[in-house]
Amino acid sequence: MAVLLPGLALLLLLMLFRVRQRSLFKPSIGPAAAIALGDWRYAWITSMVAWGLLITAVTELLSLVHQIQYSSLVTVWLLINLGLGGWLITRWARVRRSLFSQSGRVIIDDTQKLLACAIITIAAVTLVIAWQSAPNNGDAMTYALPRIRHWIQYRAVMHYPVHYTLQLFSEPWAEYVLLQWQVLSHGDRWANLLQWGCMISSLIGVSLIAKQLGASQTGQWLTALLAATIPVGIMHSTTPRNTYVVAFWLICLVVYTLRIVTDRPNRSALFGATCSLGLAVLSKGTAYIYALPFVLWLLGVYWQRYGFRIIKYVLMTWPVFGLISLGHYARNWMTFGSLISTDPYKLSNDIYTLPGFISGLVKNVALHCTVPVFDSDWVLQLVTQIHHWIGISPLDPRLNFYGVADIYQPAQFALNMLPLAEDRTTNPLHFWLFLAALGLLFMASRWKSQKLVVQYAVMTTSAFLLFCFLVKWQIWHGRLHLPVFLLACPVIALSLTRYTQRQFCHVLIVVLWAASLPYLGLNEMRPIAAVPNIFSTPRLSQYFQGREDSAFEQSYADAANLVAQNQCFEIGLIMLPNSFEYPLWKLLDQVLPQPFQMQHVNVDNQSSRWANQLEFRDFHPCAVVVMGLSSPPQITVNQQTYQHVWSGPAIAGGLQVFQPASSRPAAA
């Protein structure tokens with residue numbers, strides 16, 4: 001299967017870097033470097049970073065010549081695999097020693113076996129869910145997967161006229177992977193596996209961080225279990241989004257940072273940190289915020305050791321960082337006049353004051369104080385009272401974002417958490433464990449001797465505080481906090497294994513595993529322990545999971561069938577931002593006998609500047625689908641008149657179909 005070619009390259013990279021690790025052992029290296037270089041997890045981190053760079057390079061370079069297509073991708077990945085395989089074959093003796101050496105084997109005790117079983121169970125169940133279920137996350141339906149379909153039809157990651165500009169300006173690295181997988185597999189069956197893979201890689205990464213911080217083997221296993229049982233992580237590990245993707249790249253950044261902090265700086269670790277940062281910001285904009293404390297920590301170490309010579313290292317790394325996102329930055333600049341855009345949405349705070357910071361902090365913390373099985377009215381009352389004390393409204397629009405056109409703005413402040421909805425769930429157990437761990441860490445008589453752990457805890461906490469200070473609060477912020485909770489897991493594990501009884505850890509293992517079960521089995525979008533579930537629901541119907549009205553799927557099917565009746569292969573699209581675009585692509589795939597082109601028309605935002613480009617200006621659709629808008633009986637597209645021929649229920653997406661006035665068929 002061609003879709004396995006990028007994965008084969010990753011395995012070859014792992015072998016390559018494992019061989020490279022073994023050759024770097026020298027008596028002169030420090031203990032921290034020995035910890036990193038002697039661990040296969042470090043090789044995995046390095047392999048993933050290299051693979052991420054390959055994905056970026058292949059996508060951007062093929063895009064320049066409009067060659068993102070099956071034959072080109074197969075050719076490129078075959079050449080990459082042949083090159084990597086050839087290098088390994090020429091060094092087979094070293095490869096064999098590195099891969100089959102017995103020296104790295106360790107013995108695990110009963111506690112660690114219990115931890116391993118819990119982790120494997122969660123990993124296996126989420127893998128089944130990710131493979132069996134259709135990609136149906138709300139954001140994936142509105143912009144993440146639609147942008148991939150547009151890229152495929154243009155054979156390039158380019159900007160295009162679109163009614164929902166999030167399809168253009170949002171960071172694209174996760175979609176680069178999904179784009180290649182979709183082209184190579186001719187479908188979206190693999191779409192959920194990127195997040196699952198990043199979850200597994202994140203467990204590997206945080207357990208390595210725990211080792212770098214001095215955790216025992218049990219502490220490292222406990223770190224991995226803590227990370228595996230984060231509710232937001234479980235829910236998002238089976239989606240085609242980027243929450244776990246950006247979290248993993250940030251974990252890579254921290255792994256390299258800790259190696260530099262605890263040992264003398266070296267260019268390979270600095271290059272790894274730079275590339276991890278570049279991949280993180282190319283995956284999600286929150287990486288700029290969460291990475292800042294760790295970048296400043298890194299700069300502080302270099303300043304302390306090298307003084308003004310730090311400029312040399314900045315000049316070495318800055319071009320590498322910029323090059324990774326160069327294509328995305330350039331496209332944003334040409335469309336929006338800015339390297340980083342959220343136009344027309346304002347996601348950063350409008351005021352930066354102490355009351356504003358307290359408001360953001362209190363509301364973000366409150367999300368994780370609501371426990372599903374207990375009455376949490378006290379949380380809402382406390383939030384309201386604190387805002388009364390600081391003299392600011394919890395609904396202040398300068399500090400809150402309520403979605404496109406403020407469609408989620410409540411009449412009064414409310415949390416309204418939905419624990420089994422992937423975008424509204426939170427992490428109360430892990431939040432309280434982190435607070436307890438911080439308390440244990442700072443109350444322990446030896447905390448001053450734990451300088452590295454304290455510094456790390458401060459950096460992790462600072463990342464969260466910075467997020468609260470800069471970003472407008474949203475009811476679905478719990479998912480954006482995932483990187484912080486993952487980075488908090490080593491601190492929790494270290495504190496609990498050092499300052500509590502072993503029996504407490506045994507109880508905690510059972511509690512964590514049991515608490516994860518509802519999130520594994522009863523996910524509203526991808527249930528396996530409910531009726532219906534992902535095994536009984538047709539894949540096409542799963543794209544509409546979570547829609548309030550059962551007529552939603554039928555409305556989309558009727559619109560697609562009407563388009564297909566006339567054998568129409570050029571479809572125009574007019575829609576409200578945040579409309580459910582991707583299911584229409586999937587239904588048209590089912591009913592049209594050959595490839596079709598669907599393009600946004602009558603666009604009136606900043607992306608309309610692309611409408612005059614050669615790829616778009618001569619587009620004359622034989623049908624126009626309108627989503628969520630009230631339209632007159634006639635519309636005009638590229639100087640051609642289209643008449644209304646069909647409407648679906650307003651509650652089911654508000655779909656309408658228009659066809660050229662000269663060839664109007666009977667209404668379906």
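Tabulated data for the structure shown
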quantity: Condition check for Gly219: surrounded by fewer than 22 Cβ atoms within 10 Å (Cβ to Cβ) and outside the structural domain of Arg41 (by TED's automatic domain parsing); calculated: no
quantity: Failed criterion for Met235 (all others in (1) in contact with a Phe, Trp or Tyr (Cβ under 7 Å, 6 or more places away or on another chain); (2) surrounded by fewer than 24 Cβ atoms within 10 Å (Cβ to Cβ); (3) not charged (D, E, K, R) hold); calculated: (2)
quantity: Hits in the range 325-338 - residues which are touching a residue at least 12 places away in the same chain (Cβ under 8 Å) and under 24 Å from Phe467 (Cα atoms); calculated: Ser325, His328, Asn332
quantity: Residues that are at pLDDT below 95 and in a helix (DSSP H, G or I), drawn from the range 459-478; calculated: His477, Gly478
quantity: Scope the range 610-641; condition on the phi < 0 side of the Ramachandran plot and touching a Ser or Thr at 6+ places or on another chain (Cβ under 7 Å); matching residues; calculated: Met627, Gln634
quantity: Positions within the range 623-654 being part of a loop (DSSP other than H, G, I, E, B) and touching a strand residue (DSSP E or B) at 6+ places or on another chain (Cβ under 7 Å), in sequence order; calculated: Gly628, Leu629, Ser631, Pro633, Gly648, Gly653, Gly654
quantity: Matching entry among Val624, Val601, Val591 (being surrounded by fewer than 19 Cβ atoms within 10 Å (Cβ to Cβ) and closer than 14 Å to Ile571 by Cα); calculated: Val591
quantity: Looking only at the range 426-458, and only at residues there that are in a helix (DSSP H, G or I) and of a type in the set (Ser, Thr, Tyr), the one that is nearest to the chain's Cα centre (by Cα); calculated: Tyr456
quantity: Selection within the range 43-90 - at pLDDT 95 or above and of a type in the set (Phe, Trp, Tyr); calculated: Trp44, Trp51, Tyr70, Trp77
quantity: Single residue of Val281, Val301 found to be surrounded by 14 or more Cβ atoms within 10 Å (Cβ to Cβ) and more than 20 Å from Thr243 (Cα to Cα); calculated: Val301
quantity: Qualifying residue in the range 393-403 (condition: part of a helix (DSSP H, G or I) and at pLDDT 80 or above); calculated: no
quantity: Sole exception among (1) surrounded by fewer than 22 Cβ atoms within 10 Å (Cβ to Cβ); (2) in contact (Cβ under 8 Å) with a residue 60 or more places away in the chain; (3) out of contact with any Pro (no Cβ under 9 Å at 6 or more places or on another chain); (4) farther than 17 Å from Cys622 by Cβ for Ser579, by number; calculated: (1)
quantity: Residue within the range 607-614 that is closer than 19 Å to Tyr160 by Cβ, assigned to a loop (DSSP other than H, G, I, E, B) and of a type outside the set (A, V, I, L, M, F, W, C) present; calculated: yes
quantity: Members of the range 463-501 that are farther than 19 Å from Lys284 by Cβ and either small (Gly, Ala, Ser) or buried (at least 20 other Cβ atoms within 10 Å of the Cβ) (or both); calculated: Cys489, Pro490, Val491, Ile492, Ala493, Leu494, Ser495, Leu496, Thr497
quantity: Test set (1) within 16 Å of Leu226 (Cβ to Cβ); (2) modelled with pLDDT under 95 - Val484 fails condition number; calculated: (2)
quantity: Residue pairs meeting the criteria (Cβ under 8 Å; at least 6 apart or on separate chains; first free of Cβ contacts under 8 Å to residues at least 24 places away in the same chain, in the range 484-505; second assigned to a helix (DSSP H, G or I) and surrounded by fewer than 24 Cβ atoms within 10 Å (Cβ to Cβ)); calculated: Phe504/Leu496
quantity: Residue check, Leu361 modelled with pLDDT of 95 or more, assigned to a helix (DSSP H, G or I) and of a type in the set (A, V, I, L, M); calculated: yes
quantity: Candidates Leu222, Leu270 - the one that is assigned to a helix (DSSP H, G or I), at pLDDT below 95 and more than 25 Å from Val3 (Cβ to Cβ); calculated: Leu270
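For (1) within 20 Å of Trp610 (Cβ to Cβ); (2) over 16 Å from the mean Cα position of the chain (by Cα); (3) hydrophobic (A, V, I, L, M, F, W, C); (4) surrounded by 24 or more Cβ atoms within 10 Å (Cβ to Cβ), each residue gets a yes or a no:
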residue	(1), (2), (3), (4)
Arg147	yes, no, no, yes
Trp173	no, no, yes, yes
Leu179	yes, no, yes, no
Leu184	no, yes, yes, no
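The values are calculated or read from the model by the stated rules, or taken from the named source; none is laboratory data. Everything numeric in this text was worked out from a predicted model, so none of it was measured. Neighbour counts run over all protein chains shown; Cβ positions are idealised from the backbone, glycine included.
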